Amino acid sequence: MMRVFLRDNALSLGFGLLFLLSLAGQAFAGLANYNDGRLSHAAEPVGLLDYLASADFAVDVAENWQSEYLQFFLYVFATVWLLQRGSPESKPADRVGLETDEDQQVGPHATANSPKWAKAGGWRTGIFSMSLGLVMLGLFLLSWLAQSVAGMSAYNAEQLTEFGDPVSWFGYLVSSDFWNRTLQNWQSEFLAIGSMAVFSVYLRQRGSPESKPVGAPHRATDESG
């Protein structure tokens with residue numbers, strides 16, 4: 001049973017492990033960098049637990065999370081309406097939009113194995129039909145809020161060490177520090193998505209569902225290998 005579970009969930013478990021290892025690495029590297037900054041200001045270094053509870057660590061984590069969830073939210077919704085001919089992640093031109101209930105197997109067109117809310121109709125099916133994008137949007141907004149609060153605390157702490165005036169939350173939202181942190185993450189996500197959409201038209205990765213079959217024509221759309 002355990003072997004079957006590991007096989008069936010290898011992708012999520014593998015990336016979950018990579019996430020934890022990366023987060024641990026960020027914690028130790030961030031601690032070293034944070035203490036270097038404190039020593040340069042003649043302040044005492046802090047321990048790992050104190051750093052993990054600091055606004056500096058929280059804002060560094062949250063600013064990356066919000067950009068990742070924004071990326072997936074936009075991609076989930078954009079691919080409903082926007083096409084990239086030849087991309088395995090794009091729908092063909094005749095399926096642009098929300099598609100029919102029959103195509104989506106909802107309401108009277110649901111199968112015996114369809115989720116309950118897909119069969120229910122009404123508001124439940126409406127919510128369920130957008131649940132992936134809505135969850136990604138919610139996680140983006142929550143992590144962006146966390147970034148703004150933690151970023152304000154870290155920014156104000158730095159201001160106090162330099163005898164500057166602290167700012168309010170609204171003041172921080174319009175500050176260059178907040179938008180520099182935000183936009184430097186957004187631009188990299190948009191570049192990665194756009195590059196993947198174009199590269200997947202002409203390049204292949206045998207056996208990957210993110211790629212077309214190796215022998216598929218470049219103009220073939222909505223095919224996975």
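Quick notes on this structure:
- Net charge contributed by nearby residues that have their C-beta within less than 12 Å of residue 64 (K/R +1, D/E -1): -3
- Crossing angle, helix 176-202 versus the chain [Cα axis fit, 0-90 degrees, rounded to tens]: 30 degrees
- With Cα atoms as the point set, the chain shows a radius of gyration and Dmax of 22.7, 70 Å.
- Straight-distance crosslink candidates among aspartates and glutamates, where the alpha carbon sits under 15 Å from residue 91 and sequence neighbours closer than 8 are dropped: 99, 103, 210, 222, 223
- Farthest positive-ward along the chain dipole, Cα basis, beta-carbon charges - from 146, 175, 6: 6
- Placed amide H near residue 212: partners under 5 Å, 5+ positions off or other chain: 205, 225
- Per-residue Karplus couplings for the range 132-138, computed as 6.51 cos²θ - 1.76 cosθ + 1.60 with θ equal to phi - 60°, are listed in order as 5, x, 5, 5, 4, 5, x Hz, Gly and Pro entered as x.
- FRET efficiency, 1/(1 + (r/R0)^6) with R0 25 Å, evaluated for residue 196 and residue 141 via beta carbons: 0.55
- In sequence order, calculated HN-Hα J values of the range 149-160 (Karplus, 6.51, -1.76, 1.60; Hz; x Gly/Pro): 6, 5, x, 4, 5, 5, 5, 5, 5, 5, 4, 5
- The slack in the chain from residue 38 to residue 112, taken as 0.36 nm per residue of separation less the alpha-carbon distance, amounts to 20.4 nm.
- Taking label points 7 Å from Cα along the Cα-to-Cβ direction, residue 15 and residue 186 give a separation of 2.3 nm.
- Cα gyration tensor shape for the range 14-121, rounded if a/c is under 1.5, else prolate or oblate: prolate
- Local net charge near residue 128, Cβ-Cβ under 12 Å (Lys/Arg +1, Asp/Glu -1): +3
- Length available on full extension from residue 102 to residue 82: 0.36 nm per residue minus the Cα-Cα distance, which gives 5.1 nm.
- Counted charge near residue 34, where neighbours are those whose Cβ lies closer than 10 Å (Asp, Glu -1; Lys, Arg +1): -3
- Values of log10 I(q)/I(0), in the order q = 0.16, 0.24, 0.25 Å⁻¹, for the range 1-53 under a Debye, Cα-only, solvent-free model: -0.59, -0.86, -0.90
- Applying the Karplus relation 6.51 cos²θ - 1.76 cosθ + 1.60 with θ = phi - 60° to the range 58-74 yields 3J(HN,Hα) values of 4, 5, 5, 6, 5, 5, 7, 4, 5, 6, 5, 5, 5, 4, 6, 4, 5 Hz, where x marks Gly and Pro.
- Taking 7 Å steps out from each Cα toward its Cβ at residue 93 and residue 175 produces label points 5.1 nm apart.
- Peptides 61-74, 160-173, ordered by how many other C-beta atoms sit within 10 Å of their residues on average, highest first, read 61-74, 160-173.
FYI, it's all coordinate maths here, none of it is from the lab. A quick note: this is a predicted structure, and the numbers were derived from the prediction, not measured. So basically every Cβ, Gly included, is an ideal-geometry build from the backbone, and we count neighbours across all protein chains shown.
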